[in-house]
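Worksheet for the structure shown next.
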2 protein chains.
Amino acid sequence: VAGKLYPEGVTTNSEDGVNDIPALYPVFERMAKEEFILCLHGERPGVFSLDRETAFLPVLEEIATRFPNLKIVLEHVTTEAAVELVKKLPDTVAATITVHHLYLTLDDVIGDKIRPHHFCKPVAKRPEDRAALLAAATSGNPKFFLGTDSAPHAVETKECEAGCAGVYTAPVAIPLLAEIFERQNALDQLEGFTSFFGAEWYGLPPNAAHITLQKQEWIVPDRCGTVVPFRAGKKLTWKVT
Amino acid sequence: VAGKLYPEGVTTNSEDGVNDIPALYPVFERMAKEEFILCLHGERPGVFSLDRETAFLPVLEEIATRFPNLKIVLEHVTTEAAVELVKKLPDTVAATITVHHLYLTLDDVIGDKIRPHHFCKPVAKRPEDRAALLAAATSGNPKFFLGTDSAPHAVETKECEAGCAGVYTAPVAIPLLAEIFERQNALDQLEGFTSFFGAEWYGLPPNAAHITLQKQEWIVPDRCGTVVPFRAGKKLTWKVT
């Protein structure tokens, strides 16, 4: 929403974000009245990449405090600081967590070779940040639910001199979640995180369609059309049937 | 040196480095006696990428203290912490600085798109780290001198799913140094940094060959053979004639 609505007076300093947040307050007020939900990519433009999410957190806190009736989702959180703030804020504020941020740290992007298929925004952060995301996802706290942010960029837009941000997790998302929840002894929390907490928070009925997960090994294909999926060529231990 | 000499008893935990440093002490002792110079890629294996250099600094301090006659170069420093430690340690310890680390931060690698031609090891760090490198390079302190670490990787080994580390600065190194030293009002420090401090520290005569720099615009080629040079396609303001 914040990226699309530019009422008169809103200034931006980059193509990626809005900097003059107070200019959006009339929008937020109306959104709260209309029961619209504010979905935020919470990174502050112009800040050093690794600090962009934490630099946005005071803005989130200010919006949540000023508009107590506005429901806000902080999308694809990547830091321990964001997790802690979302826990602390009222129940109007929730957060989504992607599958790839439960697996990756910055080391998987630039720690050894440089791996464009692991590059996304916000970029994966430190091991302690990933640990905080995993703890939140498996905790059963309904403020944290799945948002895959799966992004199918064609291989030539990733493996090039300036690759796009995004990880294509759609074909592997649920099996990978099962695998990491199992490793955390939290399989009983998987359905809430993937299927119920988000719907409940949005005030929607749960999806009527069902999928079944089986413990079964399979190899992720190297390509899905022109896209390299997350964990391409790797063996997974759960399969959607 | 540390990467090549594995006396009996030295253990490594990765292809990239030696972890059992005390096992190398007999080597360092002999090196000091023979007046060999210890050139270190100072990153601690197994540590989160951004912390590898700072995690190595206590090791450097220990070696420098134990072997007061051993000359040590900490190659291609990337952090303010490394600059501060090298300043503090005795004159047996010096550091090299690359051209690309005077220009890049991590934002140029993963801040917007992902840019494999800006990826090197140690990876470029924060803006305040780059500022510390620039201050050291232009300070006239002879403990800091140029080491380009220029790495010509073919384009297909950079623009791929797992790109090699290294920046090819050789064709642009001296003009870019002139540009950034000029911007710092430190052109008078350029010759010391590039041509004298390193030779003096190694106890070698300065290079007898001369080059001339002229204030003249030119465009860096998109390719040098199969390699994309640093600042490909960009306009430079100094030229070697």
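Counting from the shortest, the label point at A:P206, 7 Å from Cα toward Cβ, is 7.8 nm from the same position in each remaining copy. Counting only DSSP beta bridges whose two residues both lie in the protein assembly as shown, roughly 50 percent are antiparallel.
When every Cα-Cα distance of the range A:101-174 is counted in 5 angstrom steps from zero, the calculated P(r) takes the values 3, 15, 23, 24, 19, 9, 5, 2, 0 percent. Its Cα gyration tensor gives the protein assembly as shown an equivalent ellipsoid; the semi-axes, largest first and in whole Å, are 46, 27, 22. Between A and B, buried accessible area from a 1.4 angstrom probe totals roughly 2600 Å², ignoring ligands, DNA and RNA. Once the Cβ-Cβ distance of B:E75 and A:E156 is raised to the sixth power relative to R0 = 30 Å, the FRET efficiency obtained is 0.25. As a fraction of the 1.4 Å probe accessible area of chain A, surface on carbon and sulfur atoms comes out at 51 percent. Simple spin-label estimate for B:E61 and B:A208 gives 4.5 nm between the two label positions (7 Å along the Cα-to-Cβ direction from each Cα).
Label point of A:E62 (7 Å along Cα→beta-carbon): distances to the other copies' equivalent points are 4.7 nm, sorted ascending. Cross-link reach is defined here as a Cα-Cα straight distance under 20 Å, omitting same-chain residues fewer than 8 places apart; for A:K239 the lysines meeting it are A:K215. Cα extents for the range B:54-154 along the principal axes, largest to smallest and rounded to whole angstrom: 45, 27, 23.
Taking every DSSP helix (H) stretch of at least 4 residues in the protein assembly as shown, weighting each as -39,500 (n - 2.57) and dividing the sum by the residue count yields a mean residue ellipticity at 222 nm of -8500 deg cm²/dmol.
Using a 10 Å cut-off on Cβ to Cβ distances, tally the other chain neighbours for every residue of A:161-167 and report the average as a whole number.
5
Above 30 angstrom, tally the Cα pairs of chain B and express them as a % of all pairs, no decimals.
28
Counting only protein chain heavy atoms and rolling a 1.4 Å probe, the accessible areas of A:I72, B:I21 rank, largest first, as B:I21, A:I72. Ranked from shortest, the separations from the 7 Å Cα-to-Cβ label point of A:L187 to its equivalents in the other copies are 7.2 nm. For a straight C-alpha distance cut-off of 25 angstrom, the lysines reachable from B:K87 (same-chain residues fewer than eight places away being disregarded) are B:K33, B:K71, B:K121, B:K125, B:K143. Eigenvalues of the alpha-carbon gyration tensor of the range B:191-241, scaled by 5 and square-rooted, set the equivalent ellipsoid semi-axes at 28, 15, 9 angstrom, largest first. Put simply, the C-alpha atoms of the range B:143-222 give a gyration tensor, and the ellipsoid matching it has half-axes of 27, 18, 12 Å, longest first. Within 10 Å of the Cβ of each residue in A:115-122, the mean number of Cβ atoms contributed by other protein chains is 4. Going by accessible surface with a 1.4 Å probe and the largest first, B:Y168, B:Y103 read B:Y168, B:Y103. Between the range A:109-171 and the range A:203-238, the C-alpha centres lie 16 angstrom from each other.
Distance to the B-onto-A rotation axis is smallest for one chain B Cβ; residue and value in angstrom are B:E159, 3. Of the beta bridges in the range B:2-240, as assigned by DSSP with both residues counted there, near 45 percent are antiparallel. The longest part of chain A holding none of the exposed loop GluC sites (Glu not before Pro), meaning those outside H, G, I, E and B in DSSP with at most 13 other Cβ atoms within 10 Å, is A:36-241. The listed residues A:L236, A:L204, once ranked by accessible area (1.4 Å probe) with the largest placed first, stand as A:L204, A:L236.
Please check chain A for the longest run free of trypsin sites (Lys or Arg not before Pro) that are loop-located per DSSP (anything but H, G, I, E, B) and have at most 13 other Cβ atoms within 10 Å. That gives A:5-222 as the longest site-free run.
The values are calculated or read from the model by the stated rules, or taken from the named source; none is laboratory data. Small disclaimer: the values here were computed from a predicted structure and weren't measured. Backbone-built Cβ (ideal geometry, glycine too); neighbour counts: all protein chains shown. Remember, those area values only see protein heavy atoms, side chains included, never the ligands or the DNA or RNA. Shrake-Rupley method; radii C 1.70, N 1.55, O 1.52, S 1.80 Å.
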